[in-house]
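Input: a single structure, listed below in structure tokens.
The values are calculated or read from the model by the stated rules, or taken from the named source; none is laboratory data. Quick caveat, the model's predicted, so the values are computed rather than measured. Using ideal geometry, Cβ is built from the backbone for each residue, glycine included, and neighbour counts are taken over all protein chains shown. When the accessible area is computed, the model is the full protein with side chains, heavy atoms only, and any ligands, DNA or RNA have been set aside. Shrake-Rupley method; radii C 1.70, N 1.55, O 1.52, S 1.80 Å.
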Amino acid sequence: MEVILSQQKNADCQITVHYEGTVVKCNPDKSVLDNLLDQSLAVNHSCKKGVCLTCLLKTDDKVDVKSRAPLKATLIEQGYFLSCQQVPIEGMMIKSAQSTDFFQQALVSNRIEKSGYVSQIFLKPYGDFSYKPGQFINIKGPNDIVRSYSIASIPSDNVIEIHVKEHQYGVVSRWLCSDKIIGQEIEISAANGECFYLPDNQDQPMLMIGTGTGLAPLLGILRDSQSQNHRGKIELYFGAVDEAGLYLADQLRDLEAEYIHLTVHFGTLKEGPINDMALKNHPNLKGWRVFLCGDPEMVKKTKTKAYLADAALSDIYADAFDLAEISS
Ligand SMILES: Cc1cc2nc3c(=O)[nH]c(=O)nc-3n(C[C@H](O)[C@H](O)[C@H](O)COP(=O)(O)OP(=O)(O)OC[C@H]3O[C@@H](n4cnc5c(N)ncnc54)[C@H](O)[C@@H]3O)c2cc1C
Ligand code: FES
């Protein structure tokens, strides 16, 4: 027998869906995810913007193109869709995601504490793991809460490096940045995301702007471009609130010394936003490839400004680190 959940007094809930043996009365103007959360059904989620892929659910019913657009063919084949990007459809049968479909185990081999509450964390996946530097993985933390972290390493490192900023009340970041994490076996997803280096035009100049741990994907992309003999100039702008937030300055200076095409610029808020500094120095981005990573507001604003400065939309790669909403 199915349990029936609905906001009985809410006339907006006119659509019925079936979720794991529960009949849920849904508001057609809200996403499947928000409808399930409204009924206190536990569904993993973080960004609610179709980026992090933590809200995957399964259905055999037809769904909107945008709820599957960022997914790999193997996940689509199995019926997965992004519940934050899908509105409910009358009679829809929905199942929760099978962890084993996309998580694998990895050993946390090391954690190095840096300044600015950031840790470099090194993971050794059990079994094959392929990725493009700059993509992100999802990590399952305490209470099966899933969060995304970008990859700073390149495959020849034989270890996955991520940079995690510890948030004061953050469930997964505090767990990853704790002393006890080294030696633990954790669950990680396959790598996802479109923010990575393509060796299709090795003379193209590249502008990279990152704030905070937005440096992680940029470092991966930089090192990948170096290993693939990129010849165009690369201007990296790394910004943080204060000096402590420039947590990997020494490593970047070393990389700048050995990679002749690379120039690194550092900035703290005292000198003004790093994206403003970058765009002031590069007012014409025609023909440039642009990478923007980190703070969602910075990424959104700079994407528009880069486009207005003549960068082609297809040459702008953006990775916004959206945080989960805090429930009241
Ligand atoms: C594509 C993508 C890539 C990303 N890559 C990275 C990366 O490389 N490195 C990185 O560090 N992060 C990255 N992030 C962000 C990361 O996924 C997490 O969102 C982040 O680590 C916070 O997760 P959490 O579980 O620790 O915090 P949550 O528990 O989700 O909390 C979210 C925020 O709310 C605050 N908060 C929670 N509860 C309260 C409360 N009661 N009162 C006040 N404040 C509260 C927390 O301090 C935190 O700032 C990425 C995100 C995306 C979408
Ligand atoms: S993609 Fe749906 S919550 Fe992030």
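Quick one, can you get me the convex hull of the C-alpha atoms of the stretch 52-124 expressed as volume per residue in Å³?
On the way: hull volume 8.9 nm³, N = 73.
Value for the stretch 52-124: 122 Å³ per residue.
Which value in Å does the Kirkwood hydrodynamic radius of the chain take, with 1/r averaged over all unlike C-alpha pairs and then inverted?
On the way: mean 1/r = 0.0475 Å⁻¹.
Final number for the Kirkwood radius of the chain is 21.1 Å.
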Problem - Local net charge near Lys301, Cβ-Cβ under 12 Å (Lys/Arg +1, Asp/Glu -1) - result: 0
Completion exercise
Mean Cβ-within-10 Å packing, highest first, puts peptides 29-40, 219-230, 247-258 in the order 219-230, 29-40, 247-258
Practice task
Measure nothing fancy, just the Cα-based angle from helix 215-227's long axis to the longest principal axis of the chain, in degrees from 0 to 90, nearest 10.
Solution key: 60 degrees
Problem - Computed Rg/Rh of the stretch 100-189, alpha carbon atoms with Kirkwood Rh - result: 0.93
Practice task
Distance from a point 7 Å along Cα→Cβ of Tyr259 to each backbone N in the stretch 207-229: keep the residues under 16 Å and list them by number.
Solution key: 207-211, 214-229
Practice task
Against the globular-protein guess of 2.2 N^0.38 Å, express the Cα radius of gyration of the stretch 1-141 as a ratio, rounded to two decimals.
Solution key: 1.24
Handout entry: Kirkwood-based Rg to Rh ratio, the stretch 206-320, C-alpha trace
Key = 0.93
Practice task
Take the alpha-carbon positions of the stretch 136-266, form their convex hull, and give its projected area averaged over all directions (one quarter of the hull surface) in nm².
Solution key: 8.8 nm²
Completion exercise
Rounded to the nearest 10 Å², the 1.4 Å probe accessible area of Cys195 is 10 Å²
Exercise for the section: Take the stretch 149-216, compute every pairwise Cα distance, and split them into 5 Å bins from 0; I just need the percent in each bin. Expected result: 3, 11, 18, 24, 20, 11, 6, 5, 2
Handout entry: Separation in nanometres of the label points that stand 7 Å from Cα toward Cβ, at Leu41 and Gln14
Key = 2.1 nm
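Could you state the accessible area per residue of the chain in Å², with a 1.4 Å probe and every protein chain left in place?
Numbers: 16090 Å² over 328 residues.
Accessible surface, normalised per residue, equals 49 Å².
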Handout entry: Diffusion coefficient, µm² s⁻¹, Stokes-Einstein with Kirkwood Rh over alpha-carbon pairs of the stretch 19-78 at 20 °C and 1.002 mPa s
Key = 169 µm²/s
Problem - Under 5 Å, built H, 5+ apart or other chain: amide partners of His45 - result: Val146
Problem - Phi-based couplings in Hz for the stretch 286-292 (Karplus 6.51, -1.76, 1.60; Gly and Pro marked x) - result: 4, x, 8, 9, 10, 10, 10
Problem - Rough spin-label spacing in nm, given labels placed 7 Å along Cα→Cβ, for Met93 and Thr268 - result: 6.0 nm
